Amino acid sequence: MKRKGFIVLILFFLFIAGSIPLLDKDHVSADSGTVEISGTTVNVRSGPGLSYSVTGDLEQGQTASVISKQGDWLEIRVDGQEGWIASWLTTNSGEEQQASGQTAISSVNGLNVRAQADLSAAVLTKMKAGDEANVISTTGEWVEIDFRNTRGFVSTQYISLTDKTSTPKQTDDKAEPEQKKDAISKVSSFEIAVSALNVRSKPDLSSKIQQTVSKGQVFPVVSMAGNWVEIKLAEDKNGWVYAFHGQLSDKAVETVASNEEESITILTNGTNLRTEATTASEVASRADAGTQLAVIGKQGEWYQVSLPDGKAAFVAEWVVSSEETIVEDEQPEVPEQRKKGTLNGVTIVLDPGHGGNDGGTVGVRKTEEKDLTLKTAEILSHHLNAAGAEVVMTRQSDTYVDLRKRVASSHQAGADAFISIHYDSTDDSTVSGFTSYYQHDYQKELAEYLNSGLSDKLTLHDRGVQHGNYLVLRENRQPAILVELGFLSNFNEERVLTTNQFREQAALGLYNGLINYFDAQLSE
C-alpha cells in the first residue's frame with residue numbers, strides 16, 4: 001500500500017514539473033533572430049518591464065540574439081549574458097534584409113530625415129517631394145534610408161516604396177568609389193543650422209578647429225565621409241563639419257542663400273517688435289500670432305524685419321518660427337482617449353539644463369552638469385514615448401539654448417508639463433539631496449507629484465518642494481517645474497549621480513510622478 005502511494009506521489013510531481021514550462025510558454029512567446037540597438041544607450045534589465053533592476057547597458061549599433069519576447073520586451077543574449085531590453089529601442093536584422101533593393105520616394109516637401117525612429121529625434125536633413133533614397137531597413141512605421149550619404153529615418157506615411165530595377169552587382173573594387181562620386185555629385189551646398197559650428201581640418205572631433213561658422217551661412221560641398229561634410233571655406237581652404245548640424249541641398253550656394261529665411265511667423269499675441277536687437281530697447285510695434293514679416297537682416301539671435309508701414313524693427317528668434325510646417329509633426333485631429341497608466345495625447349517638454357558654452361556647475365571630480373542633464377533627459381524621453389506621450393526636447397546635443405527660447409518651446413508646444421532638469425551645487429560640500437521647484441500656484445501640484453515620484457526611487461535626502469524664482473518657471477504659462485537631482489559639490493553624492501543606475505532611477509521617478517499626476521486629472 002505504501003509502495004502504491006509512493007508511485008502516485010511521484011507521478012503527481014512529474015505532472016506538476018511538466019506543466020510549468022507549458023504555462024511559461026503561454027506567457028512568453030518564443031522568438032529568434034538578432035536585433036540592433038537603435039537607442040543611444042539601452043538598459044538591460046532583469047525582467048520584461050521598467051520596474052525591473054538594471055543589470056547592464058548596450059550602446060547604439062551593438063547586436064543581440066533574441067531568445068524570447070513578452071509584449072514590447074525582448075529577452076536577449078550578448079556575450080553569454082542574458083537580460084531584457086525594450087523592443088522599441090531596437091531594429092530587426094531580418095527586416096533589413098527584406099527591405100534591401102527598395103527605393104523610398106518622398107511624397108511631400110520638407111520631409112524630415114531623423115537621427116532615430118522617433119518624432120522627438122534630431123533632424124539630420126530634409127527631402128523634397130520626388131527625392132529618392134536607398135532603403136536600408138524598416139522598423140514599424142519608420143524606414144531607415146541613405147539619403148545623399150546621410151543615414152536616418154523617415155515616416156512611412158509620407159513616402160512611397162518602389163523596387164529598384166534589377167542590375168548585375170559589380171564585384172570589382174571600382175564600384176564603391178563610383179557610387180560615392182555619383183552621390184556627392186547630387187549635393188551642391190550645405191547650410192549651417194546652429195548658432196555656432198566648428199569647422200575642423202579632418203572628419204574627426206579630435207582634429208584641429210580651423211574656424212567657426214554661423215547659422216544661416218551656406219557653403220559649397222566638396223566631398224562627404226560618412227556623416228561628415230567637407231565644405232569650401234575659401235578659394236584655397238576646405239574644412240569638415242558634421243552633417244547633423246546643417247542641411248544638405250542639391251541647389252547652388254547662390255540659390256540657397258537668396259531663399260534663406262525670407263520670412264518669419266510670430267508665435268504669440270502681443271509680441272514686441274523693437275527698435276534695436278536687445279530686450280532693453282524701445283518697442284516700435286507689436287504683432288499677434290500668425291503674423292508673417294519679411295526678413296531683411298540678422299543680428300545675433302534677432303531678426304531685422306520689415307513692418308507694413310515700410311519701417312524696420314527687430315524681433316527675437318525665440319518668439320518666432322522661421323521654418324515651414326512639416327506634415328509629419330502634425331497631431332491627429334481626433335486625439336486618442338487617454339487611459340490611466342498611459343500618456344496618450346499628452347505633450348511633455350523636457351529641458352536638459354545648460355549646454356554648449358554654458359556647462360553649468362562642475363563637480364568636485366570635474367563632472368560637468370550639462371552632460372548629466374542631457375543623459376537623464378534622454379532616458380526619461382524613452383520612457384515617456386513608450387507610454388504614448390509626445391516629447392519635445394529643448395536641446396538634443398551639446399548646444400547652448402537661450403532661456404527664453406526654452407520657455408518659447410513650452411508655449412509653442414502647448415506643453416501639458418515642462419520639466420527642466422538640473423544638478424545642484426553649493427559652497428557647503430556637506431549639503432546633499434534632491435529638490436523640486438515651482439514658481440506659480442498652477443505649477444505646484446506638478447512639482448508635488450514629481451517630487452513624490454523621485455522620493456520613491458532615490459535614496460538621496462529629500463529636500464522637498466520649494467518655491468524657486470527661475471526664468472524658465474517665472475515666464476512659463478504652462479505647468480512647469482525645475483528639479484535639482486543632487487549636489488555635485490558633495491564628493492560622495494557626485495559619485496552616485498554619475499552612475500547609469502542613478503540616472504535610470506531618477507528618470508523612472510520622474511516618469512512615475514508624471515503618470516500619477518495625469519491619472520489624478522482623469523479622476524477629477
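The values are calculated or read from the model by the stated rules, or taken from the named source; none is laboratory data. Being a predicted model, the structure only gives us computed values, none of them experimental. Note that each Cβ is placed from the backbone with ideal geometry, even for glycine, and that neighbours are counted across all protein chains shown. Heavy atoms of the whole protein, side chains included, go into the accessibility calculation; ligands, DNA and RNA do not. Shrake-Rupley method; radii C 1.70, N 1.55, O 1.52, S 1.80 Å.
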Subject >> Number of the exception - Ser432 against (1) of a type in the set (Gly, Ala, Ser); (2) within 27 Å of the chain's Cα centre (by Cα); (3) at negative phi >> reply: (2)
**OP:** Assess whether Val364 counts as being more than 16 Å from Pro352 (Cα to Cα), in contact with a helix residue (DSSP H, G or I) (Cβ under 8 Å, 6 or more places away or on another chain) and either assigned to a loop (DSSP other than H, G, I, E, B) or open to solvent by less than 10 Å² (accessible area, probe 1.4 Å) (or both).
**Re:** yes
Subject >> Pairs with Cβ under 7 Å, 6+ apart, first in segment 60-80 and over 27 Å from Arg151 (Cα atoms), second among the aromatic types (Phe, Trp, Tyr) and at pLDDT 80 or above >> reply: Glu75/Trp84
**OP:** Hey, can you tell me all the residues within segment 393-416 that are among the β-branched types (Val, Ile, Thr) and either more than 19 Å from Tyr470 (Cβ to Cβ) or assigned to a helix (DSSP H, G or I) (or both)?
**Re:** Thr399, Val407
Subject >> The lone exception for Ala389 - which of (1) over 30 Å from Asn198 (Cβ atoms); (2) in contact with a Ser or Thr (Cβ under 6 Å, 6 or more places away or on another chain); (3) small (Gly, Ala, Ser) it fails >> reply: (2)
Original post:
Considering only residues of segment 135-153 that are surrounded by fewer than 18 Cβ atoms within 10 Å (Cβ to Cβ) and of a type outside the set (Lys, Arg), which is modelled with the lowest pLDDT?
Top reply: Gly140
Original post:
Is it the case that some residue within segment 61-75 is in a helix (DSSP H, G or I) and at pLDDT 70 or above?
Top reply: no
Subject >> Unmet criterion (only one of (1) modelled with pLDDT of 95 or more; (2) assigned to a loop (DSSP other than H, G, I, E, B); (3) among the hydrophobic types (A, V, I, L, M, F, W, C)) for Val334 >> reply: (1)
**OP:** Determine, yes or no, whether Lys457 is surrounded by fewer than 23 Cβ atoms within 10 Å (Cβ to Cβ), modelled with pLDDT of 95 or more, basic (Lys, Arg) and more than 22 Å from the chain's Cα centre (by Cα).
**Re:** no
Original post:
What number of residues within segment 258-288 are of a type in the set (A, V, I, L, M), surrounded by 14 or more Cβ atoms within 10 Å (Cβ to Cβ) and either under 25 Å from Ala413 (Cβ atoms) or modelled with pLDDT under 85 (or both)?
Top reply: 6
Original post:
open to solvent by 30 Å² or more (accessible area, probe 1.4 Å), without any contact (Cβ under 8 Å) to a residue 24 or more places away in the chain, of a type in the set (D, E, K, R) and closer than 23 Å to Leu522 by Cα, is that true of Asp441?
Top reply: yes
Original post:
What's the number of the condition Glu448 fails, among (1) without any contact (Cβ under 8 Å) to a residue 60 or more places away in the chain; (2) of a type in the set (D, E, K, R); (3) surrounded by 22 or more Cβ atoms within 10 Å (Cβ to Cβ)?
Top reply: (3)
**OP:** Tell me, please, whether a residue that is modelled with pLDDT of 80 or more, within 26 Å of Glu390 (Cα to Cα) and either crowded, with 22+ Cβ neighbours inside 10 Å or of a type in the set (S, T, N, Q) (or both) can be found in segment 112-125.
**Re:** yes
**OP:** Output the residue which, of all residues in segment 469-478 that are under 15 Å from Arg406 (Cβ atoms) and not aliphatic (A, V, I, L, M), is surrounded by the fewest Cβ atoms within 10 Å (Cβ to Cβ).
**Re:** Arg474
